[in-house]
Amino acid sequence: MAGENEITGILNKYGAEISAELKDFIAQKPLTVYGVVDASGKLKRSVHFDIKDSVMRVYALYYIYYIEHGRKGGKRPPQKVIEQWIVDKGLILKDISVKSLAYLIARKIGEEGTTIWKQGGTKLLEDILTPELKGQIQSQLILTFRAKTNALMRSAIVGK
């Protein structure tokens, strides 16, 4: 029915828009009192989208889930990841080693959960994938489908 090229064009447009906005939010939007969440820039660089079989998917590193929802207490996160975060964030202190600080942070997260979890999550994705944006995408796809269907029907009736 609706041309694959038209659908792909619409999905490409919105995939690029959503990916760009997600990258901007990751780099600039303070999601906690501690500021932005992408200390190393890896998360922002990981954001991309693809379109396969008329389905658009937006991807990022796995830990975007924890940036959206946080991590509840009960289990300590991997200390090595926190050590790297400390280095990336530039939190090197004079009186405590990176390893010791990472241990203390991991222990506290294990006991209490992350700040994001305690604040009920963030609205990182919700602020991008608004009902308005979803409506725009849906409307453009419907209009494209209708136009192609009408053209096919006219062609069938006229016999051309």
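The values are calculated or read from the model by the stated rules, or taken from the named source; none is laboratory data. Model, not experiment: these values are computed from the prediction. Please note: Cβ atoms are built from the backbone with ideal geometry, for glycine as well, and neighbour counts cover all protein chains shown. SASA here: full protein model, heavy atoms, side chains in, ligands and nucleic acids out. Shrake-Rupley method; radii C 1.70, N 1.55, O 1.52, S 1.80 Å.
A few notes on this one:
- Meets criteria (more than 12 Å from the chain's Cα centre (by Cα), in contact (Cβ under 8 Å) with a residue 24 or more places away in the chain, surrounded by 18 or more Cβ atoms within 10 Å (Cβ to Cβ) and assigned to a helix (DSSP H, G or I)) for I67: no
- K72 basic (K, R), in contact with a Ser or Thr (Cβ under 9 Å, 6 or more places away or on another chain) and open to solvent by 80 Å² or more (accessible area, probe 1.4 Å): yes
- Qualifying residues in the range 1-20 (those that are in a helix (DSSP H, G or I) and open to solvent by 60 Å² or more (accessible area, probe 1.4 Å)) - the one modelled with the lowest pLDDT: E4
- Of all residues in the range 30-56, those that are open to solvent by less than 90 Å² (accessible area, probe 1.4 Å) and in a loop (DSSP other than H, G, I, E, B) total 10.
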